[in-house]
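S.K.: First the structure, which I've put down as structure tokens, then a few questions once you've had a look.
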Amino acid sequence: MPRFHRFALALAVTTSLVAAGPALAKAKAADPAPIADLVKAVDIPYEAFTLNNGLRVIVHEDRKAPVVAVSVWYRVGSKHEPKGKTGFAHLFEHLMFNGSENAPGDFFEPLQQVGATDSNGTTNVDRTNYFETVPTGALDRALFLESDRMGHLLGAVTQEKLDNQRGVVQNEKRQGDNNPYGLLRYEIFENLFPKGHPYHHSTIGSMADLNSASLDDVKKWFTDNYGPNNAVLVLAGAVGGGTAHAQGDEWVGGIPRGAANQPP
């Protein structure tokens, strides 16, 4: 095809697309379904039940692979921190990985021995969660570890561990603060939410409050917030509701209820 003809054809196609653009955009803008309809279309089947001690359990059975994702959500976050105790929720998350009474040492090691992946925890304003993905045959081990730190942690918490994790959290804060725009998060929360609002302060807390955290403070935080009736256990993968109920009762059912955590 001669060069002029190619140019003319390209120009015609481009012109037609430009001319049709507004109409196409208008049609496209009118097409999207409401968010509520999209949410309804996401249908993930699950079973839910509550153990006698108040622990809520949610199970989604999916046998595409012989693994189970385990996640424990506690209804406690930085919004529950009293004045002068900012950063406690996140600091305590770190302490939960330092061993419990019947599983001393590093929390990750016995999981790594069975090929677990994605082991970690996160803290936010409303909740703290802990999670790992394990082979189905290692689900008992994961539930034992989660139950032991839910019901038998305090005997393993020492001043040395507190001081060590305090330093880790403070270093994490320094790294975040010294990144470009690292202080912006404080400005956002402090300007979005008035002083006295539970979201006013950042989850990472202040250096002064972290320095003042005592062993008694940390133990009270656990006693007040980490009971089974303040938690949700989620299992997703190659496990059925009947098995999950039996294993939940075996490993977590014997932990007594804790304090009822009421959001501020």
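Bear in mind these aren't lab numbers, they're just calculated from the coordinates by the rules spelled out. Everything quoted here is computed from the prediction, not taken from an experiment. All Cβ positions, glycine included, derive from the backbone under ideal geometry; neighbour counts span all protein chains shown.
S.K.: Report the rotationally averaged projected area of the chain based on its alpha-carbon convex hull, in square nanometres.
M.R.: Result: a mean projected hull area of 22.3 nm².
S.K.: Work out the charge dipole of the chain with +1 on the Cβ of Lys and Arg and -1 on the Cβ of Asp and Glu about the Cα centre, then indicate which of His90, Tyr181, His200 is farthest towards its positive end.
M.R.: Sorting the options by dipole projection puts first Tyr181.
S.K.: So, one more: Please give the charge dipole size of the chain, origin at the Cα centre, charges +1 on K and R Cβ atoms and -1 on D and E Cβ atoms. Round to the nearest 20 debye.
M.R.: 1140
S.K.: In addition: Calculated from DSSP H runs of 4 or more alone, at -39500 (n - 2.57) each and per residue, what is the 222 nm mean residue ellipticity of the chain, nearest 500? Walk me through the numbers before you get to the answer.
M.R.: Numbers: 10 runs with 117 residues, N = 264.
Helices in the chain give a 222 nm mean residue ellipticity of -13500 deg cm²/dmol.
S.K.: For Ile58, Ile204, Ile44, what ranking results if the residue with the fewest other Cβ atoms within 10 Å of its Cβ goes first? Don't jump to the answer; show the numbers that get you there.
M.R.: Working: Ile58 17, Ile204 22, Ile44 7.
The fewest-first ordering by Cβ neighbours comes to Ile44, Ile58, Ile204.
S.K.: Something else: What is the magnitude of the charge dipole of the range 79-128 about its Cα centre, with +1 placed on the Cβ of each Lys and Arg, -1 on the Cβ of each Asp and Glu, and no other charges, expressed in debye to the nearest 20?
M.R.: Dipole magnitude for the range 79-128 comes out near 340 debye.
S.K.: Quick one: Karplus J couplings for the range 126-141, per residue in order, coefficients 6.51, -1.76, 1.60, θ = phi - 60°, nearest Hz, x for Gly and Pro?
M.R.: Rounded to whole hertz, the list is 9, 8, 10, 9, 10, 8, 7, 10, 10, x, 3, x, 9, 4, 4, 5.
S.K.: What percentages, rounded to whole numbers, describe P(r) for the range 37-162 computed over all alpha carbon pairs with 5 Å bin width beginning at zero?
M.R.: Reading the bins upward from 0: 2, 9, 16, 20, 20, 16, 9, 5, 2, 1, 0.
S.K.: Considering only the chain, what is the antiparallel percent among its DSSP beta bridges, to the nearest 5?
M.R.: On the way: 26 of 32 bridges.
About 80 percent, rounded to the nearest 5.
S.K.: Could you list Lys195, Lys85, Lys161 so that the one with the fewest beta carbons within 10 Å of its beta carbon is first and the one with the most is last?
M.R.: Numbers: Lys195 7, Lys85 21, Lys161 16.
Fewest-to-most ranking of Lys195, Lys85, Lys161: Lys195, Lys161, Lys85.
S.K.: If you look for lysine pairs in the chain that are eight or more places apart or on different chains, how many of them have Cα atoms under 14 Å apart?
M.R.: Working: Lys79/Lys195; Lys83/Lys195; Lys85/Lys219; Lys85/Lys220; Lys161/Lys219.
Count of close lysine pairs: 5.
S.K.: For Arg185 and Lys220 in one chain, what is 0.36 nm times their gap in residues minus the Cα-Cα distance, to one decimal in nm?
M.R.: Numbers: separation 35, 0.36 × 35 = 12.60 nm, distance 2.84 nm.
That works out to 9.8 nm of additional length.
S.K.: Could you give me the ³J(HN,Hα) list for the range 154-159, computed from phi with Karplus coefficients 6.51, -1.76, 1.60 and θ = phi - 60°, whole Hz, x at Gly and Pro?
M.R.: With the stated coefficients, the range 154-159 comes to 4, x, 9, 8, 10, 4 Hz.
S.K.: Another question about this same structure. Amide H neighbours of Val125 under 5 Å, counting only residues 5+ apart in sequence or on other chains, H built in-plane at 1.01 Å?
M.R.: Ser78
S.K.: Here is a further query. Relative contact order (percent) for the chain, with alpha-carbon contacts under 8 angstrom and 6 or more residues of separation? Intermediate values should be presented prior to the final figure.
M.R.: Working: 407 pairs, mean separation 83.7, N = 264.
For the chain, the relative contact order is 32 percent.
S.K.: A further question on this structure: Within the range 141-196, report the chymotrypsin sites (Phe, Trp or Tyr not before Pro) that DSSP leaves as loop and that have at most 11 other Cβ atoms within 10 Å.
M.R.: Details: sites: Phe144, Tyr181, Tyr186, Phe189; in loops: Tyr181.
Within the range 141-196, the qualifying chymotrypsin sites (Phe, Trp or Tyr not before Pro) (loop, at most 11 other Cβ atoms within 10 Å) are Tyr181.
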